[in-house]
Amino acid sequence: MSTPEGLRPVDVLTVVAVTTVTPAVRRVTLTAPADVVAAAGPTLSLLVPRVADRSPVWPQVARDGRIVWPQGSHGVSMRRYTAKRQDPPAGELDVDFVLHGDGPAATWATAARPGDLLGVASAASLGEATAGWVLLVGDETALPAIGRILGAAAPTTRGVALVEVAGPEEQQPLPAPAGVEVRWLHRAGAVPGTGTLLADAVAALQPPGGDDVFAWVGAESAAVREIRADLRGRWGLRRTQHHAIGYWRRGRAASVAD
Ligand SMILES: Cc1cc2nc3c(=O)[nH]c(=O)nc-3n(C[C@H](O)[C@H](O)[C@H](O)COP(=O)(O)OP(=O)(O)OC[C@H]3O[C@@H](n4cnc5c(N)ncnc54)[C@H](O)[C@@H]3O)c2cc1C
């Protein structure tokens, strides 16, 4: 339902379950009507209430998709996440939150319990494209996206997936076509976003050649910049052949609106 100014309320989903996936990842299962679940993803702009603020004032959405924030304090932050699973018939959607220890979203996820609310401002694609040979690169925050891309890939797809995690305890099942090699890279005590594990691993690869190649990268911004330069330079990938975006920025809040 929209107001006379053409504003409509955002979709608000309810937490039905919270599961520990690994020591650093918490899965929040949300419920909503089937059409809301179907439209909410795979990339989500989540509206996260401040944990201390139990009565958030949700923004509204204008006809052109713009988010219209309420005047004054509203107790809501917007952050981008990935729907790891969308099941419209069941009215359920899973989001895996990395508990990195700081920030409104990680704090919310750490405290989340059934009955809590989360808004969805908008949804988008993962930015992927199909190709005979794929390179997938990311850290824990990109694991849900990489899992979805691999899950939807044709069985004949070949390529390499490079995933950086803290250690073996953070590895998750990652079903992939037989021709895609999944490599786990362990930070082994290094602070997230400080090393060059992913960029070094990409630099060590021999580009497969040919046009039927697509690269997808999601990780800390500085690592993504370095990898993107390699893909555009040595790999010679055109803009349509790669999607490389910073999923978070070390030392900076991913603030869209706080
Ligand atoms: C398209 C897209 C999809 C994403 N999907 C997911 C997803 O499915 N799951 C997920 O967990 N994240 C995902 N992210 C990353 C997530 O949006 C960021 O990690 C975001 O900063 C978390 O917000 P926050 O409020 O917890 O922290 P912020 O307020 O943004 O940041 C607070 C502090 O925490 C630091 N920080 C933020 N993220 C991390 C991290 N991962 N490790 C260490 N320090 C960090 C920042 O540098 C800053 O110093 C996605 C990002 C994008 C762009």
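None of G119, G159, G115, G138 is touching a strand residue (DSSP E or B) at 6+ places or on another chain (Cβ under 7 Å), closer than 20 Å to D200 by Cβ, of a type outside the set (S, T, Y) and more than 10 Å from the ligand (Cβ to nearest atom) except G159.
Residues in segment 88-95 include none that are assigned to a helix (DSSP H, G or I), among the acidic types (D, E) and in contact (Cβ under 8 Å) with a residue 24 or more places away in the chain. Being in a strand (DSSP E or B) and free of Cβ contacts under 8 Å to residues at least 12 places away in the same chain is a property that holds for T20.
The criterion of at least 3 residues that are closer than 30 Å to G101 by Cα and touching a Ser or Thr at 6+ places or on another chain (Cβ under 7 Å) is met by the following strands (runs of 3 or more DSSP E) wholly inside segment 135-248: 242-248. One residue alone among A204, A215, A178 is closer than 29 Å to A24 by Cα and buried (at least 21 other Cβ atoms within 10 Å of the Cβ), and that residue is A215. Taking the listed residues P59, P33, the one that is more than 29 Å from V165 (Cα to Cα) and either crowded, with 18+ Cβ neighbours inside 10 Å or within 16 Å of the ligand (Cβ to nearest atom) (or both) is P59, with no other qualifying.
Between E181, E220, the distinction of being over 26 Å from L47 (Cα atoms) and either away from the ligand (no atom under 15 Å from the Cβ) or out of contact with any Cys (no Cβ under 7 Å at 6 or more places or on another chain) (or both) belongs to E181 only.
Go through segment 223-258 and count every residue that is away from the ligand (no atom under 16 Å from the Cβ) and among the small types (G, A, S). Residues that pass the stated criteria total 3. Cβ-Cβ distances below 6 Å connect the following pairs, each with a first residue in segment 208-231 that is among the β-branched types (V, I, T), a second residue that is within 11 Å of the ligand (Cβ to nearest atom), and a separation of six or more residues or different chains: V217/V224; V224/G246.
Evaluate segment 165-172: report whether one residue or more is more than 30 Å from T20 (Cβ to Cβ) and in contact with a Pro (Cβ under 8 Å, 6 or more places away or on another chain). Looking for residues that are more than 30 Å from T20 (Cβ to Cβ) and in contact with a Pro (Cβ under 8 Å, 6 or more places away or on another chain), one finds none in segment 165-172, hence no. Within segment 199-215, does at least one residue satisfy the condition of being at positive phi, in the same structural domain as A166 (by TED's automatic domain parsing) and within 16 Å of the ligand (Cβ to nearest atom)? Scanning segment 199-215, I find no residue that is at positive phi, in the same structural domain as A166 (by TED's automatic domain parsing) and within 16 Å of the ligand (Cβ to nearest atom), so the answer is no.
The values are calculated or read from the model by the stated rules, or taken from the named source; none is laboratory data. This is a predicted model, so every value here is computed, not measured. Glycine also receives a Cβ, built like all others from the backbone with ideal geometry; neighbour counts cover every protein chain displayed.
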